[in-house]
Amino acid sequence: MTGADPFDAQSGAGSGPGPGGVPPDGEPGGPPRVPLPRAAAEKGGRPLPEPDGPPPAPPAPPELPHDVLKSLLGAWALAACSTDEALAVEVHLGDCGACADEARRLREAVGLLHQPENLDLDPALRTRVLEACLDRRPPRIPIPAWATPYDAETARLDALLQDIGDAEWHAPVRLRWFDGVAPTSRRTTVAGVIAHLLSVDGLVAAALGLDDPLGRAPGQGPAARTEAFWQASHFPPTRAVRGPWREQSHRLVQTVSFTGSGAGRLGVSYGDFALPLHDAMLDRAFECWVHAEDIAVAVDYPYGPPAPRYLHRMIDLAARMLPGALAARRQAGLAAPGPTPHLVPAGQPGRSLRLEIEGTGGGEWLIPLDSPGAVGSEEFEVAHVALDDVEFCRLAAGHVPPEEAAAGQLGDRAAIRDVLFAAASLSRM
């Protein structure tokens, strides 16, 4: 088939001889040569296109007296001047050394006023968003009020775990508590702390008929369950423990929500003592917060206390448990016996200590001293103790030795000492 050569003479790239007799296509039958780039216009002697006009001149700064310009230095340092005023000040600073020094000092002062902002989200943000949503559309199956602290604290801890890296899961953490006589501790890792929470939360799961991560271990307390879980699992635990802990916490909240508020009276055994479900969920919320702080310290991450209404409920639980803890210490010979414990039957007023907790989660409680069943009474008040809300919680968690608790004290010193030691004895692994 014949036809017109695509590289014809009119295109400038045909098969005929080129300048100097060199065939543009190279050797006969070879591939066509790529044409050379054209020379720039300014190198070929051809005239350049004229611009549309001269570039616009920059705007001239307004003429302002020196006193006016000096008075604008503060506004200029704060970036509060108009465009014309800022231009006038900046031109003036190039000519006036005194004003330039003053402007530099003002800019440094402004830098001190604007401290770096904390980019971490407000811990209460999730709660506020959920409350705003629920105000518009109430949930079909609401979470019981006594389970909301646990829901909030597990969500906060889960958000912290989401932000840490793989290596930080193996950061060393020291679990601390008060064994009744002296502070004690146990070394583990971030993953080990989550394994501890998973195993102790299993007490509540077993009471609700859910799967126990230990496969049913009746009679075991929190410490024994934790040791058993650590020994049975990969040690040290890895970040893989987060999934089971997260799923279990969701199932606990979901189950108590479907069961209804009446389930709060169900008993949860801790081995050597028991709590009703509504108090057990509050206890688990408290421990979740305490150990979340342990993890946050280990990975150098900011972590605040619970919302005030949840913090108040946690303090109230500890205050209600103090008479029993005080009686147990007396039975073990670790506290002085009451002067007349046999004369104070259950439900009757007896010697009392006023526990004043300051702060947004605080309040006042009258702690009966003579017997767990007695009633606190202002008439028989013998001592008064005042502590900060977070300080009291750290005392109850065993993180502050009772001798070092920052407490204001008034009245019977022996009663005050016994109550502070009883508060620290509420802690456990």
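One residue stands out among those in the range 366-381 that are in contact with a strand residue (DSSP E or B) (Cβ under 6 Å, 6 or more places away or on another chain) and free of Cβ contacts under 8 Å to residues at least 40 places away in the same chain: the one that is surrounded by the most Cβ atoms within 10 Å (Cβ to Cβ), which is Asp370. Of all the residues in the range 90-105, those that are part of a helix (DSSP H, G or I), surrounded by fewer than 16 Cβ atoms within 10 Å (Cβ to Cβ) and of a type outside the set (Asp, Glu) number 6.
Name the residue, out of Gly376, Gly347, that is of a type outside the set (S, T, N, Q) and at positive phi. Exactly one of Gly376, Gly347 is of a type outside the set (S, T, N, Q) and at positive phi, namely Gly347. The residues listed here are Leu203, Leu198, Leu210, Leu214; of these, the one that is among the aliphatic types (A, V, I, L, M) and touching a residue at least 60 places away in the same chain (Cβ under 8 Å) is Leu203. With respect to (1) part of a helix (DSSP H, G or I); (2) farther than 21 Å from Leu277 by Cβ; (3) touching a Pro at 6+ places or on another chain (Cβ under 9 Å); (4) not charged (D, E, K, R), the lone exception for Leu161 is condition (3). Cβ-Cβ distances below 8 Å connect the following pairs, each with a first residue in the range 124-135 that is assigned to a loop (DSSP other than H, G, I, E, B), a second residue that is modelled with pLDDT of 70 or more and surrounded by 10 or more Cβ atoms within 10 Å (Cβ to Cβ), and a separation of six or more residues or different chains: Ala124/Ala307.
Taking only pairs six or more apart or across chains, which ones have beta-carbon atoms under 9 Å, a first residue in the range 136-150 that is surrounded by 20 or more Cβ atoms within 10 Å (Cβ to Cβ), and a second residue that is in a helix (DSSP H, G or I) and among the aromatic types (Phe, Trp, Tyr)? Short answer, once both residue conditions are applied: Thr148/Tyr310; Pro149/Phe286; Pro149/Trp289; Pro149/Tyr310.
This table checks each residue for (1) without any contact (Cβ under 8 Å) to a residue 12 or more places away in the chain; (2) surrounded by 14 or more Cβ atoms within 10 Å (Cβ to Cβ); (3) touching a helix residue (DSSP H, G or I) at 6+ places or on another chain (Cβ under 6 Å).
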position	(1), (2), (3)
Glu293	yes, yes, no
Tyr310	no, yes, yes
Ala335	no, yes, yes
Gly347	no, no, no
Gly361	no, yes, yes
Glu364	yes, no, no
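Scanning the range 61-89 for residues that are in a helix (DSSP H, G or I), among the acidic types (Asp, Glu) and surrounded by fewer than 15 Cβ atoms within 10 Å (Cβ to Cβ) gives Asp67, Asp84.
Among the residues of the range 169-208, those that are in a loop (DSSP other than H, G, I, E, B) and more than 21 Å from Thr255 (Cα to Cα) comprise Ala171, Asp179, Gly180, Val181, Ala182.
Condition check for Gly271 on (1) among the small types (Gly, Ala, Ser); (2) surrounded by 15 or more Cβ atoms within 10 Å (Cβ to Cβ); (3) on the phi < 0 side of the Ramachandran plot: one failure, at (3). Exactly one residue out of Phe273, Phe258 is more than 30 Å from Asp370 (Cβ to Cβ) and either of a type in the set (A, V, I, L, M) or modelled with pLDDT under 95 (or both): that is Phe258. Any residue in the range 382-402 that is buried (at least 24 other Cβ atoms within 10 Å of the Cβ) and at pLDDT below 95 sitting within a Cβ distance under 6 Å of a residue that is in a loop (DSSP other than H, G, I, E, B) and not hydrophobic (A, V, I, L, M, F, W, C)? List the pairs, counting only those 6 or more apart or interchain. Close Cβ pairs (under 6 Å, with a partner that is in a loop (DSSP other than H, G, I, E, B) and not hydrophobic (A, V, I, L, M, F, W, C)) do not exist here. Of the residues Arg225, Arg174, the single one that is surrounded by fewer than 17 Cβ atoms within 10 Å (Cβ to Cβ), touching a residue at least 24 places away in the same chain (Cβ under 8 Å) and outside the structural domain of Phe392 (by TED's automatic domain parsing) is Arg174.
Among all positions in the range 330-352, there is no residue which is among the charged types (D, E, K, R) and at pLDDT 95 or above.
The values are calculated or read from the model by the stated rules, or taken from the named source; none is laboratory data. What you are looking at is a predicted structure, and each value in this text was computed from that prediction instead of being measured. Neighbour counts run over all protein chains shown; Cβ positions are idealised from the backbone, glycine included.
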